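The values are calculated or read from the model by the stated rules, or taken from the named source; none is laboratory data. Worth saying up front: this structure is predicted, and the values here are computed from it rather than measured. Quick reminder, even Gly has a Cβ in these numbers, built from the backbone with ideal geometry, and neighbours come from all protein chains shown.
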Amino acid sequence: MNPFDIIHKYYDPRSELYRVLITHSILVTKKALDIATAFQTHQPQHEIDLPFIYEAAMLHDLGIFRCDAPEIFCAGSAPYICHGMIGREILESAGLPRHALVCERHTGAGLSQQNVIQQKLPLPTRDYLPVSLEEKIICLADRFYSKTPQELFREYKLRHVHQKMREWGPEILARFESLCDLLLPDWRESESEILVSQ
C-alpha cells in the first residue's frame, strides 16, 4: 500500500495544506522509524512492523482537511480534536482497520474516556489510547513536531514536549512518561533536570 495514493485522494498536491501535511507526516514517520529501530536494537525479543509504521505514520493526520483550523490551511467544519476520528472513518472505509486505529489513538499521549468526559470533548465517549507497540511509537513520535507552518521543520527537545504534556494535566503527563519509559529507556537520566524541576 502506498500512503501517497490515499493522501492524493483528499489533498491537492499544489496546496499549502498538502505541503504542511506531507512535511509533518514525513518528519513524524522518520522519527517513528528511528524510535522503532532503536527499540529493536535494545529489545530484539519484540517484533515491530516497520512497513506498517511507515504507512500508518504517513496517514496519521489524514483527517485534518475536514477540520476548522485555518492556521494550518484546513477549511473544514469539524473541531480539530475530531481529526483522528475522521481519519479512522476514512481508513476503515478503505479497508485499513489497523491504520485507522493509529489515526484515532495518536492525539496527545492518547485520550481516556475520562478525558473526553471531563474536557467535554466533541467525541464519542470511549478511550482513544494507543494499544499496540506501533501505535505507541507513532503517538510518541508525533509529539516532537508541530504542523504550525513557522515551526514545521523544528524538532522539539524532549524537555519542551514534557512541559507541554504537563500543561495538559497529570493524567496525560503520566501517560506520556510511560511512553517514554517504554520507548526511550534512558530518557530519565539524559533529561534528569526535567524531573527535578517538577
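What to note about this one:
- Checked against the criterion of being within 25 Å of PRO44 (Cα to Cα), surrounded by 13 or more Cβ atoms within 10 Å (Cβ to Cβ) and basic (Lys, Arg), the candidates LYS136, LYS164, LYS147 yield just one match: LYS136.
- Residues in region 99-150 that are among the hydroxyl-bearing types (Ser, Thr, Tyr), under 23 Å from ILE72 (Cβ atoms) and assigned to a loop (DSSP other than H, G, I, E, B): THR107, TYR145, SER146, THR148.
- Comparison of ILE26, ILE53 shows that the only residue that is under 18 Å from ARG143 (Cβ atoms), surrounded by fewer than 18 Cβ atoms within 10 Å (Cβ to Cβ) and under 14 Å from the mean Cα position of the chain (by Cα) is ILE26.
- Cβ separations smaller than 8 Å between residues 6+ apart or across chains give no pair from region 78-98 residues that are in a loop (DSSP other than H, G, I, E, B) to residues that are hydroxyl-bearing (Ser, Thr, Tyr) and modelled with pLDDT under 95.
- Members of region 69-92 found to be β-branched (Val, Ile, Thr) and farther than 23 Å from GLN150 by Cα, listed by number: ILE86, ILE90
- Yes/no for CYS180 being within 28 Å of PRO70 (Cβ to Cβ), part of a helix (DSSP H, G or I), under 16 Å from the mean Cα position of the chain (by Cα) and touching a residue at least 40 places away in the same chain (Cβ under 8 Å): no
- Per the conditions (1) part of a helix (DSSP H, G or I); (2) farther than 19 Å from LYS147 by Cβ, the sole criterion not satisfied by HIS46 is (1).
Residues checked against (1) within 19 Å of LEU179 (Cα to Cα); (2) surrounded by 15 or more Cβ atoms within 10 Å (Cβ to Cβ); (3) out of contact with any Cys (no Cβ under 6 Å at 6 or more places or on another chain); (4) of a type in the set (Ser, Thr, Tyr):
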| residue | (1), (2), (3), (4) |
| --- | --- |
| PHE4 | no, no, yes, no |
| ILE7 | no, yes, yes, no |
| ARG14 | no, no, yes, no |
| TYR18 | no, yes, yes, yes |
| LEU21 | no, yes, yes, no |
| THR37 | yes, no, yes, yes |
| GLN40 | yes, no, yes, no |
| ALA57 | yes, yes, yes, no |
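- Search result, residues across region 125-153 that are farther than 17 Å from ALA32 by Cβ and either touching a strand residue (DSSP E or B) at 6+ places or on another chain (Cβ under 9 Å) or of a type in the set (D, E, K, R) (or both): ARG126, ASP127, TYR128, LEU129, GLU151
- Contacts under 7 angstrom Cβ, first residue in region 121-137 being within 16 Å of VAL102 (Cα to Cα), partner of a type in the set (Gly, Ala, Ser) and at pLDDT below 95, 6 or more apart: ASP127/SER112; TYR128/GLY110; LEU129/GLY110; LEU129/SER112; PRO130/GLY110
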